[in-house]
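Just below is one structure, and these are the notes that go with it.
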Amino acid sequence: MDLPEDDHQAPVDYGSGPVASAGALTETLKELSAAGMLAPSYRPASPTRAAYRAGAFGPVFGWPVIPIHMVQLPDGRVLAYGSDDKGNQGAQLHYSVWDPNWDPAAPGAAPSPFQLLQHTTGTDLFCNTQLVLPSTGQVFMAGGDRTINGIRNYAVADTNFFNPADNSLRLEPTPMAFRRWYGTAITNARGEVVVMGGRDDRYYAGTSTKPATEDTYAPTPEVYVPGSGWRTLTGARSEAAFGEIKGNWWYPKSWLLPNGRILTITNDGYFYSLDHNGSGGIVQLNGKIQGTNWNTTSVMYAPGKILSVRGTTTVSLIDVNGPQPVISRGAPISTGRKWGFSTVLPDGTVWVNGGSVNENTLADAVYTTELWNPATNTWTMTANAAKPRLYHGNTMLLPNGAVVVGGGGAPGPVRGLNAEMYFPPYFFNPNGTWATQPVINTVSPQVFSWSDSFTLQMGSWGAIEKVVMIRTGSSTHSFSNEQRRMELDFTQAGRTLTVKAPARATEMPPGYYMVFALRKNPQAPAGETRLVPSEAKIVKLS
């Protein structure tokens, strides 16, 4: 069932103080910047001892659009889009680029960390799917929204590309074979993009002046091959995996598997394995987990290992490193989080935030957050957010090791043109002061292949415990469709780390990754190991 579309009466929250009625605050990027509402005051001013266990949120800051879609660019900036500059549904007019490292004192610095850019390709990118294309570093965007007879939320077959070199958008001349709204895109081991699911047309009862329409879906996956275009997987058409049943067309929860196929876990709890070679094929795997709705979250937290929130608070753990899924029960989360988010962190824990007990309801928005430890299968309650993150809220790990949390709205109950930064517990000492992070001075080379060696030159002496790679983020609608994490083998000689790249493209496919080095916090209590990550360097696996 669709959520209401009319969002024009929802209050606007630009992030400065309490929610204000629409129009009560300045609405242009220039005015927001002049008012200090875009200033990068991201860190909490006075963390307390509680931050050692709970982490801490920084102050809320304005964002020029609702960041319904967020993508970590190879140069460290973040592309975001989904609404206009007043928080109304639709990404046909504007998109934004944010520089989290913006320094107003730097020579030639831009006047703001944000750029609000004019969208001219004609595609409404609202509720499409997106990722960074491994071959070019450009952002691939498939599908989006279409208005028919004045009614929104039909689909398009358009493919657009964002070029970080000049912040431009272009429309690919050849569209997909199928229109898709709420599809999912996954990078395969060859650097191609597999697109699955999505709705085509929508149900509308019709009026005396507007004809009725029926729900139709796009149950046939297709593959974008850079340099040659689209290939339809006619042998992989599946109504059960990507069709109407239980809303399985709605941003399918899908991942590249260690065996090279793509796994989809459906809302009704079944597992499907997609062969994306040639004309494709699909088979149902063994096992079943509890059913859920499309608005719960799942994440691959280690190679071939998935945490999936089912129903209200049930958590299923799925290991797909073998020929069939191995299912176990995870400890339950604390509360229902419809449209909550899950994010794997550099230390291997999974942070869950946002959502509401009842879908998109401000009265029972969940401000609490919680952290799951895969080593112990336990949850720890962490810091409370300042703002609700309901439908169209978003969350993404950044290279500095913090997590940006923003958006919500379109439709309301609040149009969240704002964000806040969460700093996980590893940032803090037991007394609440900031922990000393290791520093990676250089990585060489920055582009390497599977099983290659590369070096990290650290900024100081000291034993490094772990080196991890986490794929740069691409997130929307409670799902980070590209996120995956792997610990890497390495040796250390003084300040030089020699690191072994992942061995298989099926585990870590071509593309851009954040490399973190983690060191023990010497101030941790006796008997407790706390690993503190560096700021990451972004590398390319090719």
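Over segment 240-347, with a single point scatterer placed on each C-alpha, what log10 of the ratio I(q)/I(0) does the Debye formula yield at q = 0.11, 0.16 1/Å? Normalising to I(0) and taking log10 leaves -0.32, -0.68. Comparing Cα centroids, segment 69-102 and segment 312-381 end up 26 angstrom apart.
What is segment 12-427's relative contact order, in percent, from Cα pairs under 8 angstrom and six or more apart in sequence? Walk me through the intermediate numbers first.
Working: 1150 pairs, mean separation 58.1, N = 416.
Once normalised by length, the contact order is 14 percent.
Taking the Cα centre of segment 456-509 as the origin, how large is its charge dipole in debye, to the nearest 20, when only Lys and Arg (+1) and Asp and Glu (-1) carry charge on their Cβ atoms? Display every interim value, and only then the final one.
Numbers: 7 positive and 5 negative charges, 11 e Å.
Charge dipole of segment 456-509: 60 debye, to the nearest 20.
Note on the chain: dipole from Cβ charges, positive end direction compared against 330, 293, 115; the farthest Cα belongs to 330.
Average projection, convex hull of the Cα set of segment 12-427: 20.4 square nanometres.
Per-residue 3J(HN,Hα) values for segment 207-220, derived from phi via the Karplus relation 6.51 cos²θ - 1.76 cosθ + 1.60 with θ = phi - 60°, read 9, 5, 10, 10, x, 6, 9, 10, 5, 9, 10, 10, x, 9 Hz in sequence order (x marks Gly and Pro). In the chain, taking the dipole from charged Cβ atoms about the Cα centre, the farthest positive-side position among 363, 181, 539 is held by 539.
Okay, helix-only estimate at 222 nm for the chain: each DSSP H run of n ≥ 4 adds -39500 (n - 2.57), divide by all residues, round to 500 deg cm²/dmol; what do you get?
Result for the chain, helices only: -500 deg cm²/dmol.
Between residue 208 and residue 93, the simple spin-label model (points 7 angstrom out along Cα→Cβ) gives 3.2 nm.
Dividing the convex hull volume of the alpha carbon atoms of segment 297-338 by its residue count gives 61 Å³ per residue. Our note on the geometry: Cα centres of segment 269-310 and segment 452-492, 25 Å apart.
Short-range pairs are left out: with C-alpha atoms under 8 Å and at least six residues apart, the relative contact order of segment 440-541 is 32 percent. Each Lys or Arg adds one and each Asp or Glu takes one away; over the other residues whose Cβ falls under 9 Å from the Cβ of residue 164, this sums to -1.
Please work out the FRET efficiency for the pair residue 433 and residue 321, using the Cβ-Cβ distance as r and a Förster radius of 30 Å; give the result to the nearest 0.05. Don't skip to the end; give the middle numbers.
On the way: r = 40 Å, r/R0 = 1.34.
For residue 433 and residue 321, the calculated efficiency is 0.15.
With the Cα gyration tensor of segment 390-469 giving a ≥ b ≥ c as the square roots of its eigenvalues, does the rule (a/c under 1.5 for rounded; else a/b larger than b/c for prolate; else oblate) give rounded, prolate or oblate? In terms of gyration-tensor shape, oblate. Shape analysis of segment 440-541 places it in the oblate category; the axes a ≥ b ≥ c from the Cα gyration tensor give an a/c of at least 1.5, with a/b not above b/c.
Residue order for 13, 166, 489, fewest other beta carbons within 10 angstrom first, comes to 166, 489, 13.
Going through the cross-link list 86/338; 387/540; 305/520; 253/466; 338/466, which pairs have a Cα-Cα distance over 31 Å in this structure? Could you put the intermediate results ahead of the total?
Details: 86/338 25 Å; 387/540 35 Å; 305/520 25 Å; 253/466 29 Å; 338/466 34 Å.
Table pairs above 31 Å Cα-Cα are 387/540; 338/466.
The relative contact order of segment 39-78 comes to 37 percent, based on Cα pairs under 8 Å that sit 6 or more residues apart. What number comes out for the charge environment of residue 500, summing +1 per Lys or Arg and -1 per Asp or Glu over other residues with Cβ under 15 Å away? Its environment carries a net charge of -2.
Scalar couplings 3J(HN,Hα) for segment 241-248, obtained by applying the Karplus form with A = 6.51, B = -1.76, C = 1.60 to θ = phi - 60°, are 7, 10, x, 5, 3, 6, x, 5 Hz; x denotes Gly and Pro.
Annotation: the residues 69, 94, sorted from fewest to most other C-beta atoms within 10 Å of their own C-beta, follow the order 94, 69.
The calculated FRET efficiency for the pair residue 177 and residue 115, based on their C-beta separation and a Förster distance of 30 Å, comes to about 0.30. The modelled label-to-label distance between residue 103 and residue 215, using points 7 Å beyond Cα along the C-beta direction, is 5.3 nm. Here the chain is treated with +1 on each Lys and Arg Cβ and -1 on each Asp and Glu Cβ, and its dipole about the Cα centre works out to around 1160 debye.
Of interest is the spacing of the C-alpha centroids, which for segment 400-445 and segment 167-242 amounts to 33 Å. Computed over segment 58-212, the P(r) curve from all C-alpha pair distances, binned at 5 Å from the origin, holds 2, 9, 17, 20, 19, 14, 9, 6, 3, 2, 0, 0, 0 percent per bin. A simple spin-label model places the labels of residue 359 and residue 41 3.8 nm from each other, with each point 7 Å out along Cα-to-Cβ. Taking the Cα centre of segment 440-541 as reference, the dipole from Cβ charges on Lys and Arg (+1) and Asp and Glu (-1) amounts to some 80 debye.
A short reminder: the numbers here are calculations on the coordinates, not readings from a lab. Quick caveat, the model's predicted, so the values are computed rather than measured. Don't worry about glycine lacking a Cβ; one is built from the backbone with ideal geometry, like all the others, and counts go over all protein chains shown.
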